[in-house]
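The values are calculated or read from the model by the stated rules, or taken from the named source; none is laboratory data. Nothing here was measured: the structure is a model prediction, and the numbers come from that model. Every residue, glycine among them, receives a Cβ derived from its backbone with ideal geometry; neighbour counts consider all protein chains shown.
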Amino acid sequence: MYRLTHKQISKDTIDINFGDLALKVKKGIFFKNGLHFREANYTLACGGTNGYIPDFRFIYDNKTKTWKLIGGSCKYPE
(Lines give C-alpha, C1' and ligand atoms only; values in the text may rest on other atoms or scores of the structure.)
Protein backbone atom coordinates (compact mmCIF):
# COMPACT_ATOMS: atom_id res chain seq x y z
CA MET A 1 0.00 0.00 0.00
CA TYR A 2 1.06 3.56 -0.55
CA ARG A 3 0.24 6.69 1.40
CA LEU A 4 -0.26 10.05 -0.29
CA THR A 5 0.13 13.19 1.81
CA HIS A 6 0.16 16.86 0.97
CA LYS A 7 1.50 19.92 2.73
CA GLN A 8 0.45 23.46 1.88
CA ILE A 9 3.59 25.58 2.14
CA SER A 10 1.86 28.85 1.21
CA LYS A 11 -1.34 29.88 -0.55
CA ASP A 12 0.24 29.15 -3.96
CA THR A 13 2.63 26.26 -3.11
CA ILE A 14 1.73 22.63 -2.35
CA ASP A 15 4.06 19.68 -1.70
CA ILE A 16 3.00 16.11 -2.51
CA ASN A 17 4.69 13.10 -0.87
CA PHE A 18 4.32 9.36 -1.44
CA GLY A 19 5.34 6.71 1.06
CA ASP A 20 5.10 3.01 1.74
CA LEU A 21 2.57 1.79 4.26
CA ALA A 22 2.87 -1.72 5.65
CA LEU A 23 0.45 -3.50 7.97
CA LYS A 24 1.33 -6.64 9.89
CA VAL A 25 -1.38 -8.38 11.91
CA LYS A 26 -0.80 -11.23 14.37
CA LYS A 27 -3.50 -13.43 15.84
CA GLY A 28 -3.13 -14.60 19.40
CA ILE A 29 -3.82 -13.53 22.97
CA PHE A 30 -2.26 -10.22 23.93
CA PHE A 31 -2.44 -8.46 27.31
CA LYS A 32 -1.60 -4.90 26.28
CA ASN A 33 -4.09 -2.39 27.76
CA GLY A 34 -6.53 -5.23 28.31
CA LEU A 35 -7.23 -8.52 26.58
CA HIS A 36 -6.90 -8.50 22.77
CA PHE A 37 -6.93 -11.28 20.19
CA ARG A 38 -5.20 -9.42 17.35
CA GLU A 39 -2.16 -7.19 17.31
CA ALA A 40 -1.56 -4.76 14.43
CA ASN A 41 1.76 -3.10 13.62
CA TYR A 42 1.91 -0.25 11.11
CA THR A 43 5.07 0.84 9.33
CA LEU A 44 5.31 4.21 7.56
CA ALA A 45 8.08 5.32 5.20
CA CYS A 46 10.55 7.89 6.45
CA GLY A 47 11.64 10.92 4.44
CA GLY A 48 15.30 10.21 5.12
CA THR A 49 18.02 12.22 6.82
CA ASN A 50 18.63 14.84 4.10
CA GLY A 51 16.04 17.20 5.50
CA TYR A 52 12.62 17.86 4.04
CA ILE A 53 12.56 17.24 0.27
CA PRO A 54 9.06 16.73 -1.21
CA ASP A 55 8.41 14.20 -3.97
CA PHE A 56 6.58 16.86 -6.01
CA ARG A 57 6.24 20.63 -5.50
CA PHE A 58 3.53 22.55 -7.32
CA ILE A 59 3.08 26.31 -7.59
CA TYR A 60 0.02 28.17 -8.84
CA ASP A 61 0.67 30.46 -11.80
CA ASN A 62 -1.72 33.42 -11.61
CA LYS A 63 -1.11 34.40 -15.23
CA THR A 64 -2.18 31.08 -16.74
CA LYS A 65 -4.43 30.01 -13.83
CA THR A 66 -2.78 26.56 -13.69
CA TRP A 67 -0.64 24.53 -11.27
CA LYS A 68 2.95 23.93 -12.40
CA LEU A 69 5.41 21.30 -11.22
CA ILE A 70 8.61 23.09 -10.26
CA GLY A 71 10.65 20.58 -8.29
CA GLY A 72 10.99 17.81 -5.78
CA SER A 73 12.84 14.52 -5.67
CA CYS A 74 10.73 12.97 -8.49
CA LYS A 75 11.14 14.29 -12.00
CA TYR A 76 8.39 15.01 -14.52
CA PRO A 77 8.76 12.92 -17.73
CA GLU A 78 9.78 15.10 -20.67
Qualifying residues in segment 9-33 (those that are over 30 Å from Lys65 (Cβ atoms) and surrounded by 11 or more Cβ atoms within 10 Å (Cβ to Cβ)) - the one modelled with the lowest pLDDT:
Phe30
Can you tell me which of His36, His6 is assigned to a strand (DSSP E or B) and either modelled with pLDDT under 75 or small (Gly, Ala, Ser) (or both)?
His36
Given (1) surrounded by 10 or more Cβ atoms within 10 Å (Cβ to Cβ); (2) closer than 25 Å to Thr5 by Cβ, where does Cys46 come up short, assuming only one miss?
(1)
